[in-house]
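Everything below concerns the one structure shown next.
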Ligand code: SF4
């Protein structure tokens, strides 16, 4: 089970492509540590000890939270999952928690597409521990030169890996980025792989998908909100992504079964070679393939036909 923990949604940035609404980004509410413990116990009681394999901590901006509070969260987590825990930050400030030995740091860095990028870049050059970078393929990122961004990333001596995450239309904003736009951008990066001095996670993910080693369903991913609720990522009636609160794990299981049933009945997915193992982070209903799909079928077909060694 992958657990995504949102201790708080509050953030000091107001990125136009953020999946959180302005109200959420201003909300000071933070996850009660005792409530976190109760939720983790609920998971263990339901699925058994050791079920949580990976923990992401993000928000909102983690670095706005006091160090003592984050230390308490880490202590609680250690009782239920094996560290390191992955902390995702906008890196606008160098919080002492980033140096914690049981914390791995992932920085959301979109070069000029995200506010205060010079300050973030300076922090990246000053940070002495290894870190990963997550780039969100928003419209503004797609308009930047991939070559230039790779060159900038190559200059970061502690950078280990880079992953380009797909943008998803959500309740806070609806950027004009199609699945095909994302596929074209990833293809461009793949062409430039020989220039990269870091591990390119997307290549690894394509490889895992092609080998049938990736679970594309949402049945291994649970969220805990700042209010202390379980949640899943779902789509509303207008196909916009949002956090849907789940009362308990029985409801989570039911929701997962429904999701899988829906995907297996979809006229495109049901006939697809990659059903259940494509590149989607969260299945969005496929109504046509003319603009691609959230599983990035075009990328998978391209690399399957090339039979190129990706790792
Ligand atoms: S690649 Fe696309 S069509 Fe195939 S299963 Fe995934 S989402 Fe469905």
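The values are calculated or read from the model by the stated rules, or taken from the named source; none is laboratory data. Model, not experiment: these values are computed from the prediction. Note that each Cβ is placed from the backbone with ideal geometry, even for glycine, and that neighbours are counted across all protein chains shown.
Of everything in region 222-243 that's modelled with pLDDT under 95 and touching a strand residue (DSSP E or B) at 6+ places or on another chain (Cβ under 8 Å), which residue is nearest to residue 53 (Cα to Cα)?
The first filter runs over region 222-243 and keeps only residues modelled with pLDDT under 95, leaving 233-243.
Still in the list and also touching a strand residue (DSSP E or B) at 6+ places or on another chain (Cβ under 8 Å): 233-236, 240-243.
On the way: 233: 19, 234: 22, 235: 26, 236: 29, 240: 28, 241: 25, 242: 24, 243: 22 Å.
It comes out as 233.
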Checklist entry - Does residue 249 satisfy being farther than 30 Å from residue 194 by Cα, surrounded by 14 or more Cβ atoms within 10 Å (Cβ to Cβ), over 20 Å from the mean Cα position of the chain (by Cα) and more than 16 Å from the ligand (Cβ to nearest atom)? => result yes
Next on the checklist: Can you pull out every residue in region 48-74 that is surrounded by 22 or more Cβ atoms within 10 Å (Cβ to Cβ) and either on the phi > 0 side of the Ramachandran plot or modelled with pLDDT under 95 (or both)?
Outcome noted: 59, 60
Checklist outcome for this item: Screening 263, 246 for residues that are closer than 27 Å to residue 42 by Cβ and out of contact with any strand residue (DSSP E or B) (no Cβ under 6 Å at 6 or more places or on another chain) leaves only 263
Item to check | Top-ranked residue in region 169-185 [being touching a residue at least 40 places away in the same chain (Cβ under 8 Å) and assigned to a loop (DSSP other than H, G, I, E, B); ranked as surrounded by the most Cβ atoms within 10 Å (Cβ to Cβ)] | outcome: 177
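Quick one: which residue in 299, 275, 311 is in contact with a helix residue (DSSP H, G or I) (Cβ under 7 Å, 6 or more places away or on another chain) and either at pLDDT below 95 or loosely packed, with under 14 Cβ neighbours inside 10 Å (or both)? Reasoning before the result, please.
Values: 299 fails: either at pLDDT below 95 or loosely packed, with under 14 Cβ neighbours inside 10 Å (or both); 275 fails: either at pLDDT below 95 or loosely packed, with under 14 Cβ neighbours inside 10 Å (or both).
Checking each option against the conditions leaves just 311.
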Checklist outcome for this item: Scanning region 271-299 for residues that are under 20 Å from the mean Cα position of the chain (by Cα) and assigned to a helix (DSSP H, G or I) gives 297, 299
Item to check | Members of region 259-270 found to be near the ligand (Cβ under 8 Å from one of its atoms) and either in a helix (DSSP H, G or I) or in contact with a helix residue (DSSP H, G or I) (Cβ under 6 Å, 6 or more places away or on another chain) (or both), listed by number | outcome: 263, 269
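Select from region 290-311 the residues that are more than 13 Å from the ligand (Cβ to nearest atom) and without any contact (Cβ under 8 Å) to a residue 40 or more places away in the chain and list them in ascending order.
The first filter runs over region 290-311 and keeps only residues more than 13 Å from the ligand (Cβ to nearest atom), leaving 305-311.
Passing the criteria: 305, 306, 307, 308, 309.
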Checklist entry - Has region 84-100 got at least one residue that is more than 17 Å from residue 58 (Cα to Cα) and in a loop (DSSP other than H, G, I, E, B)? => result no
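Considering each residue of region 140-159, count those that are surrounded by 15 or more Cβ atoms within 10 Å (Cβ to Cβ) and either within 17 Å of the chain's Cα centre (by Cα) or not in a loop (DSSP other than H, G, I, E, B) (or both), and give that number.
Initial filter on region 140-159 (surrounded by 15 or more Cβ atoms within 10 Å (Cβ to Cβ)): 140-142, 144, 146, 149-150, 152-153, 156, 159.
Next, only the ones that are either within 17 Å of the chain's Cα centre (by Cα) or not in a loop (DSSP other than H, G, I, E, B) (or both) stay: 140-142, 146, 149-150, 152-153, 159.
The qualifying residues number 9.
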Next on the checklist: Just the residues that are in contact with a helix residue (DSSP H, G or I) (Cβ under 7 Å, 6 or more places away or on another chain) and surrounded by fewer than 19 Cβ atoms within 10 Å (Cβ to Cβ), please, taken from region 113-139.
Outcome noted: 117, 129
Checklist outcome for this item: Result of the Cβ filter at 6 Å on region 260-274, keeping first residues that are free of Cβ contacts under 8 Å to residues at least 12 places away in the same chain and closer than 13 Å to residue 297 by Cα and partners that are more than 9 Å from the ligand (Cβ to nearest atom) and assigned to a loop (DSSP other than H, G, I, E, B), at least 6 apart or interchain, is none
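Being within 21 Å of residue 181 (Cα to Cα) and more than 14 Å from the ligand (Cβ to nearest atom) is true for just one of 244, 287, 240. Which residue is that?
Values: 244 fails: within 21 Å of residue 181 (Cα to Cα); 287 fails: more than 14 Å from the ligand (Cβ to nearest atom).
Of the residues listed, the single one that is within 21 Å of residue 181 (Cα to Cα) and more than 14 Å from the ligand (Cβ to nearest atom) is 240.
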